[in-house]
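*Asks:* My questions will all concern the structure given below.
Here, each number is a calculation from the coordinates, and none is a lab measurement. Please read all numbers here as calculations on a predicted model, not as lab measurements. Neighbour counts are summed over all protein chains in view; Cβ atoms, including those assigned to glycine, are modelled from backbone coordinates with ideal geometry.
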Amino acid sequence: MVQEPLIELEDVAFKYDKEWVVEHVNLAIHKGQFLGLVGPNGSGKSTLIKLMLGLEKPNKGHIRLFGKSVKKFNMWQEIGFVSQKANSFNSGFPATVYEVVRSGLVSRMSIFQLFNQKHKEKVYEALKEVEMEEYAHYSIGELSGGQQQRVFIARALVSDPSLIILDEPTVGVDSEHVTAFYDLLGKLNRERDLTLLMVTHDIGTITSHATHVACMNKSVHFHGSSEDYHDMTDEEMSEMYGHSIHQLSHNHEVTHS
Ligand code: ADP
């Protein structure tokens, strides 16, 4: 039996004002995939995420989450989200790592429910998965950008989602820690069977870690496995991107335009 995609977009179009910023987008993310959504700055990636999360409504097309229209979807505990702004706490921020991860459970609980030993174990389990359990009682602001992002992944993991969406999570992570961060995502994808959708402009790095890639510039020009992406000839890339982006992709990084 073919499983329904966790996220499915069908001919989706969206504009904030007069100009279309997302057009004719068809995209499906299946269980177990680690999909890198890449494209230059302003190509509509964050807008697409907002549409998937129901924060904006498409002007055209259909969006389904776990087989249900996004308009009727109510299983939000199945979807974790890590934003690029997560790692912006300064050293004076009062919350501990433990409290930040625990706040991922709070939103799922009634205010009358008390934290019990089971919840504490879940917080530590999530911290262990991102190899940060030793930092539980540190203040979040004391950690580096990369460590903070690991904590925010733990916060997303603590409610046992099937899918985590990450919007440019490596912004603010030191370059020497970026590979370890991708390795962690790869491990969670393989060993925990966690489906991942990661938005990034760094096409060179994502295609060597993600299982699948979607290249976007208003619409999706390529969607396939990372192997298929690497196997494309120069002519196919040129046709897909158009000349200007082809130049950028040749440098193996779609940089900010
Ligand atoms: P990306 O994430 O690929 O950098 P965005 O989705 O943020 O791209 O932006 C796509 C286009 O939509 C850009 O031209 C951007 O200026 C515009 N845009 C983004 N957010 C808004 C908004 N809230 N109001 C109006 N225009 C917006």
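*Asks:* May I ask you to list the aspartates and glutamates whose Cα is less than 18 Å away from that of LYS187, ignoring any residue fewer than eight positions away on the same chain?
*Replies:* Within the straight-line cut-off, LYS187 pairs with GLU125, GLU129, GLU131, GLU133, ASP160.
*Asks:* For VAL199, list long-range residues whose amide hydrogen, built 1.01 Å from N in the peptide plane, is under 5 Å from its own amide hydrogen.
*Replies:* Amide H neighbours of VAL199, under 5 Å, 5+ apart: LEU37, LEU166, ASP167, GLU168.
*Asks:* Skipping prolines and chain starts, which residues have an amide H placed within reach, meaning under 5 Å, of the one on GLY224, given they are 5 or more residues away or on another chain?
*Replies:* Distant-sequence amide H within range of GLY224: VAL213.
*Asks:* While we're here: Pop out the ³J(HN,Hα) list for region 163-171 in order, Karplus 6.51 cos²θ - 1.76 cosθ + 1.60 with θ = phi - 60°, rounded to Hz; leave Gly and Pro as x.
*Replies:* Once rounded to whole Hz, the list reads 9, 10, 9, 10, 9, 6, x, 8, 5.
*Asks:* Rounded to the nearest 0.05, what FRET efficiency do GLU131 and HIS230 have when you use their Cβ-Cβ distance and R0 = 35 Å?
*Replies:* Calculated transfer efficiency: 0.75.
*Asks:* Tell me the angle of helix 117-129 to the major Cα principal axis of the chain, expressed in degrees between 0 and 90 and rounded to the nearest ten.
*Replies:* Approximately 40 degrees, to the nearest 10.
*Asks:* If Lys and Arg each add +1 and Asp and Glu each add -1, what is the summed charge of the other residues whose beta carbon sits under 15 Å from the beta carbon of LEU65? Intermediate results must be reported in sequence, preceding the final value.
*Replies:* Details: positive: LYS31, LYS50, LYS57, ARG64, LYS68, LYS71, LYS72; negative: GLU4, GLU8, GLU10, GLU56, GLU78.
Around LEU65, the surrounding residues sum to +2.
*Asks:* Over the chain, what relative contact order in percent results from Cα pairs under 8 Å that are six or more residues apart? Mind showing how you got there, number by number?
*Replies:* Numbers: 468 pairs, mean separation 68.5, N = 257.
Worked out over the chain, it gives 27 percent.
*Asks:* Moving on to the next point. If you add up the charges near VAL130, with Lys and Arg at +1 and Asp and Glu at -1, over every other residue whose beta carbon is less than 14 angstrom from its beta carbon, what do you get? Walk me through the numbers on the way to the answer.
*Replies:* Details: positive: LYS122, LYS128, ARG150, ARG155, LYS187, ARG192; negative: GLU125, GLU129, GLU131, GLU133, GLU134, ASP183, GLU191.
Result for the local shell: -1.
*Asks:* Can you tell me what share of the DSSP beta bridges in region 99-225 is antiparallel? A percent to the nearest 5 is fine. Write out the running numbers ahead of the final one.
*Replies:* Numbers: 6 of 11 bridges.
Of all bridge pairs located within region 99-225, approximately 55 percent are antiparallel.
*Asks:* Next question, about the same structure. Given a 10 angstrom Cα cut-off, can you work out which residue in GLU239, GLU125, GLU142 is the most mobile in a GNM of the chain?
*Replies:* GLU239
*Asks:* Further, regarding this structure: Rank the residues LEU35, LEU188 as a footprinting-exposure proxy: fewest other Cβ atoms within 10 Å of their Cβ go first.
*Replies:* So the residues, fewest neighbours to most, are LEU188, LEU35.
*Asks:* So, one more: Could you run the Karplus curve 6.51 cos²θ - 1.76 cosθ + 1.60 with θ = phi - 60° over region 192-207 and give me ³J(HN,Hα) per residue in whole Hz, x for Gly and Pro?
*Replies:* 9, 6, 8, 7, 10, 10, 10, 8, 7, 9, 8, 5, x, 6, 5, 5
*Asks:* In addition: Starting with the fewest neighbours, write out TYR135, TYR182, TYR16 ranked by other beta-carbon atoms found within 10 Å of each beta-carbon.
*Replies:* Ordered from fewest to most neighbouring Cβ atoms within 10 Å, TYR135, TYR182, TYR16 come out as TYR16, TYR135, TYR182.
*Asks:* Can you compute 3J(HN,Hα) from phi for each residue in region 24-31, using the Karplus curve 6.51 cos²θ - 1.76 cosθ + 1.60 with θ = phi - 60°, rounded to whole Hz and x for Gly and Pro?
*Replies:* Residue by residue, region 24-31 yields 6, 8, 10, 7, 10, 10, 9, 3 Hz.
*Asks:* Which one, GLU129, GLU176, GLU23, has the greatest fluctuation when you compute a Gaussian network model over the chain with C-alpha springs under 10 angstrom?
*Replies:* Looking only at GLU129, GLU176, GLU23, the largest GNM fluctuation is found for GLU176.
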